[in-house]
Structures are given as structure tokens and as C-alpha cells.
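Laboratory data are not the source of any read-out in this text; all were calculated from the coordinates shown. As the structure is a prediction and not an experimental result, all values here were calculated from the model. So basically every Cβ, Gly included, is an ideal-geometry build from the backbone, and we count neighbours across all protein chains shown.
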Amino acid sequence: MGRVFVSVDMEGLTGAVSPSQVLPGRADYERFRDVMIRETNAVIRGAFEGGADGVLVNDSHDGMLNLKIEGLDERAELISGYHKPLSMMQGVDRGFICAFFVGYHSMASGEGVLSHTMTGIVSKAYLNGVPASEGVINAMVGGHFGVPVGLVAGDQYAVSEVHTVCPDAKGVVVKRAIDRYSALSQSLSRVEEELRGAAEAAVKSSASLKVYTPPKPITLTVEFTQSSLAARALYAPIARRVDGRTIEIVGDDALDVYMRFRAALGLASTARDPDYG
Amino acid sequence: MSHMGGKVYISADMEGVTGVVSIDDVLAGHLNYERFRHLMTQDVNAAIEGVLEAGASEVLVNDSHGGMTNILLEELHPSATLISGVNKPLYMMEGVDKSFECAMFIGYHSMVGGRGVLSHTFSGASRVLLNGRPTSEGEVNAMIAGAMGVPVTMVSGDQYAVSELKEVLGDLEGAVVKYAIDRSSARCIHPSLTKQIIKEAARRGYMKARSVKPYTARSPITLEFEFLQPSMAARAAYLPFVDQLDPRTVRVSAPDPISAWRLFWSALLLGRSVEGESY
């Protein structure tokens, strides 16, 4: 059969609606670490029930130290920690039959719960001219290695955004966003059962899943919150300026485009002012 | 060989300013910082007076230290204009172009690893090599000026800052304002005297502007640097033009100085964006 890659974020978990639930050290963070591990374990269980040989879980939220290994399904392996070149997709390679996105959220400027794209300095990102979420960008990275997205879980926006490029991924809407900071959530036990079932079905149908490969040349457009951030990103000759605060990365190789995107965000962050952004 | 009416470019750093020996002298908000803003402005003014006396008509000063808002405009010589603030693509050399007769470096310091006061070469790196040789901020900045056809003719700082730059530039007026004992101590010359020393060196520096050749580095220009931590080098290597040589060392290469500077500076900044380096 093959292995399943699982990227787990936090803003798209059931019940999560507030920064205090997803930022380490904040009031409700520990509760949501437990929710995170339960949703993760649910898809691991489903993946094995569907016939997977193994599961690699990549902690993909914030400092990437959220998933507690002692609570993880013992059949899975865990990547944790920061400074990973492929970030939320670290560990993915040609050996996986499909990728699952759990706890995912919608794109920056969107109406979904805790919406953003990679970092707060991005006001909007576009892939080939179409607004793109982290899920879409990560689907492109998985696609580079021939790995299709088999499952996406989050609020209704997070799921529908990924469906625009991966229409056959199993979607699990764990909550319905009312605002960026409020949602109607399903119970955790019900979500666990849905995730398990969707994971099982995804693995069973993985051979027919379509791999996402954006048409070439790939254009990744990044609109920053401030012009100085765009200017700083362009210190490196890796992109061109579209307007004051927007840059454009163009290339034929998805991984190359993605790494330049990562570099541009890292560089731009060095120009951020704590008071004026 | 006087040439009346020319423009002079001044890049002003702080570690090599008269009297400076400690981090607390040069970091905004720290104990002695406010005192040394005055002395930094005074060192710059001394150079301005020197070049005006020698016949220059216009001076552009680029505040080149830290947040780059150190120089006190209200105390700056009225004949000068001032570039202040951050996010300048050419950084310590922002504003330099071929219209300048010469460039001068005030308050400069020696290279990383050296014995000079507060020695470093752009923070974040424990070693920086230009075309295979250890280099200083002064040399890299002289290369940028050289790309515009502008020679660097004068530097002020401690004895190492001056001798390091003389070694690579050759014909250079040096104003030694203090003698480093250690990286954090120096025997300092009184400001009333350094004022004269800087002014005189700047005057001579302007006089010889047309006889000094702009500094050029052999093409292709290679900048190799060792980061303090491996994760910084790994992050810098996200950039497609960065070669990672070992866990901490990266290299960039370009045919011309300005391109080489851009690659170097963006790689260094990206490496420095790594957080959580307490270990």
C-alpha cells in the first residue's frame, strides 16, 4: 500500500476560535493541544484501517512543538520543531500515497476562523492569479513529489479553498465560521469519527486521487501588509515588484518557487517594525 | 591639486567614534548612548569642516549604525544633508553614486575576530571572506563605492580599523581617534584633539580624491561567510543563489560588486531572521 503524510495545523481544529487557544502559554492552549492530538490520532487510525503501511505526522503550527508524542498513536512517527525548509510539508517525498491536512484554516483576508497565510505580514497570496491558502500552496508542494491531497479538515472556508485545487480530497468541515473569531463547532467525538472515516476512505481511494500541479509557469504573488516588507524581500533577486507592497515569484519548478516564497517571507520579516508593521 | 565645488559622501558608523569602547555606548537606550550621539555628530562635523576647507561644496552623510537614527540633525554642519533610517538597499552606502568626488568612513571599526574595539563584520557572521580573504565592513563598502567609480580616501576609527582598510586600499588618509587595548577597551584621545585629527585627515583626503583609484575587487566577486549557528545557514540556503559549504558556512558569487552585495546582504539578513538562537 504505502505511507500517509499528515500535516497538522491548529486554527482549524474543532472548537478553536481564539488566539488564546492556539498560542503556546495562553489560557486555553493546553486544552487545544489535546484536541489536536485527538484529531490527529483519528486520521492515523483511519489511515491504518484503510490499509496504510505507516503514517508520518508533521507538527505544522507556530513553533511546531504542539503535538505531545506520548499521546500520539504509537504506529505514527512525528516531526516536531522549527527551522524546517519545507515547513508544514517537511518530510513529504515520493514515498507517500497521499497527504492529509488536519486543523487547516482559510487564507489571509478570508472570513474563516483565524484566517492567515503563513504569517501576519502577508495580506494576501495568489497562485497563478487565484487567491491561495496555505492548504493550496502545500498541495502544490505535495504535488511536486507526486503526492495528492487525500483529506482536508478545518472550517468550511479552509475545506472549500483546498477543494478548488484538489476536488477529490475528502473534506471534513469540523466547524462553521461565523466570523474570524467565532464558529459553530461539532463535538470532538463526532469529528473524530468523521475524520477516521474520511481518512479510511481517502487511503482506499488513494490510487485514483489527482495530484495537484499548477500550470507553468507558476506565479506566486504575495501582497504584504507594508511596502517596506516587499522592498526588503526584493533585496534578494528572487522576485519582481508588482506594486508598492506586492511581489511576484515566477518559475517552472514548484519547489523552487516555494523555496523563494519562503525566503521572501523570511527576508520581509526582518523589515517589520514592532509598532508600525 | 584642488578641485573646487565637489561632492563628498560620508558613511558614519559608531563603534569607531571618539571615546566609544562599550556596547552601552552604541546601543540606543543604553547607558552612555546619548553622550556618544553627540560625539558621533562631532566626528562627522569635523570631517565635513575638513572637506569644506579643502574646497568641497556639498556633503551627503549616511547614518550607518544600528537603527541609523543616531546622528543629531540639529547639531550637524549646515552644509551637509543627512540620510537617516533603515531599510536602505545599499545600507551603509545608501545614496552613493558616481557624482561624488570621494567617500569617507567615519567611526568605522575593525573586522570580526579582530582585536579592535567592538570588532565585527555585519552582525550575525563569525567570519566573512571577500574573494577568499577576511574582510571588513570598510572593504565591502569601499567595493560598493568603487563600483560607482568613487574612491574612499579617508577613514576614522581605532588603529585596527584604520590599518585594516589601509592594507587593502593603499592610498588612504587615516584618523586614529583611539588605540584599542581589547575589544572592549581603548586608550582614547580627547574629543578636542580628535576633532583636529579627523578634520585634517578629511582635508587631505579630499585634496587627493582625484589621484586615488576607486577600489575594485576581482570578478567574479565571492563572499563567503560563517554564521554563528547552523540553522542560520540552513535558512539562508533557502535562497537559490546561496551555496552552503558546511553546516555554518555559505557562499555567494556575482560578476559585479552591487550584485554581490545584494546576494550577500539578503542571505545574511535571511539567516539572521532565524529566531530562538539563545542556544
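For the pair segment B:214-277 and segment A:1-28, the centres of their Cα atoms are 35 angstrom apart.
In summary, the lysines within cross-link reach of B:Lys195, defined as a Cα separation below 16 angstrom excluding same-chain residues under 8 places away, comprise B:Lys178.
How would B:Phe241, B:Phe105, A:Phe224 line up from fewest to most surrounding beta-carbon atoms within 10 angstrom?
Numbers: B:Phe241 18, B:Phe105 33, A:Phe224 28.
Fewest-to-most ranking of B:Phe241, B:Phe105, A:Phe224: B:Phe241, A:Phe224, B:Phe105.
At R0 = 35 Å, how high is the FRET efficiency between A:Ser187 and A:Val130 if r is their beta carbon distance? Nearest 0.05 is fine. Using R0 = 35 Å, I get an efficiency of 0.55. With viscosity 1.002 mPa s and temperature 20 °C, the Kirkwood radius over alpha carbon pairs of segment A:133-277 converts through Stokes-Einstein to a diffusion coefficient of 125 µm²/s.
Over chain A, calculate the relative contact order: mean separation of alpha carbon pairs under 8 Å at least 6 apart, over the residue count, as a percent. Computed over chain A, the figure is 20 percent. With the largest listed first and rounded to whole Å, the semi-axes of the equivalent ellipsoid of chain B from the Cα gyration tensor are 29, 22, 16. The Cα atoms of segment B:90-139 cover 35, 24, 17 Å along the three principal axes, with the biggest extent listed first. Taking the alpha-carbon centroid of each part, what is the distance from segment B:134-205 to segment B:3-56 in angstrom? Cα centroid of segment B:134-205 versus Cα centroid of segment B:3-56: 12 Å apart. Charge dipole of segment A:218-269 (Cα centre as origin; +1 on each Lys and Arg Cβ, -1 on each Asp and Glu Cβ, all else neutral): 240 debye, rounded to the nearest 20. Per the Kirkwood formula applied to alpha carbons, segment A:225-277 shows a radius of gyration over Rh ratio, Rg over Rh, of 0.99.
State, as an integer percentage, the relative contact order of segment A:1-124 based on alpha-carbon contacts under 8 Å between residues 6 or more apart. Could you put the intermediate results ahead of the total?
Numbers: 225 pairs, mean separation 43.5, N = 124.
That works out to 35 percent.
Of the two radii for segment B:221-272, the radius of gyration is 0.94 times the Kirkwood radius, both from the alpha carbons; that is the Rg over Rh value. Straight-line cross-link partners of B:Lys7 among the aspartates and glutamates, defined as a Cα under 12 Å from its Cα and at least 8 positions apart when in the same chain: B:Glu58, B:Asp97, B:Glu101. Of A:Glu39, A:Glu193, A:Glu248, the residue with the greatest mean-square motion in the GNM of chain A, using alpha carbon springs below 10 Å, is A:Glu193.
Compute and list, largest first, the equivalent-ellipsoid semi-axes of segment B:1-137 from the alpha carbon gyration tensor, each √(5λ) rounded to a whole angstrom. Don't jump to the answer; show the numbers that get you there.
On the way: eigenvalues 123, 73, 35 Å².
Square roots of five times the eigenvalues give 25, 19, 13 Å.
Across segment A:16-59, counting alpha-carbon atoms alone, Rg and Dmax equal 13.3, 39 Å. Any idea what log10 I(q)/I(0) is at q = 0.09, 0.10, 0.12 Å⁻¹ for the protein assembly as shown, Debye with uniform C-alpha scatterers and no solvent? With no solvent term, the Cα-only Debye profile gives -0.73, -0.83, -1.03.
With viscosity set to 1.567 mPa s at 4 °C, what whole-number translational diffusion coefficient in µm²/s follows for segment A:33-158 from Stokes-Einstein and a Kirkwood radius over Cα pairs? Intermediate values should be presented prior to the final figure.
Details: Rh = 15.2 Å.
It diffuses with D of about 85 µm²/s by this estimate.
Here the residues B:Thr121, B:Thr249, B:Thr216, ranked from fewest to most Cβ neighbours within 10 Å of their Cβ, fall in the order B:Thr216, B:Thr249, B:Thr121. When chain A is treated as a Gaussian network with alpha carbon springs shorter than 10 Å, the biggest mean-square fluctuation among A:Arg176, A:Arg38, A:Arg190 belongs to A:Arg190.
Just how large is the dipole of segment B:7-211 about the Cα centre, in debye to the nearest 20, putting +1 at every Lys and Arg Cβ and -1 at every Asp and Glu Cβ? Display every interim value, and only then the final one.
Numbers: 18 positive and 24 negative charges, 80 e Å.
Magnitude of the dipole: close to 380 debye.
Within segment A:1-75, the proportion of C-alpha pairs whose separation exceeds 21 Å stands at 26%. Using a Gaussian network model on chain B with a 10 Å cutoff between Cα atoms, which of B:Met111, B:Met92, B:Met148 fluctuates the most? Checking each option, the largest mean-square fluctuation is seen for B:Met148.
The equivalent ellipsoid of segment B:114-153 has semi-axes of 21, 12, 8 Å, largest first, where each one is the square root of 5 times an eigenvalue of the Cα gyration tensor.
Rounded to the nearest 20, the size of the Cβ-charge dipole of chain A about its Cα centre is 400 debye, with Lys and Arg at +1 and Asp and Glu at -1.
Here the alpha carbons of segment A:92-173 define both size measures, Rg and Dmax, at 12.0, 35 Å. For segment B:142-279, the Cα-based Rg and Dmax, in that order, read 18.6, 51 Å. Could you work out the local net charge near A:Arg26, counting Lys and Arg as +1, Asp and Glu as -1, over the other residues with Cβ closer than 15 Å to its Cβ? Net charge in that neighbourhood comes out at -3.
The count of lysine pairs in chain A that are at least 8 places apart or cross chains, and whose C-alpha atoms lie under 22 Å apart, stands at 4.
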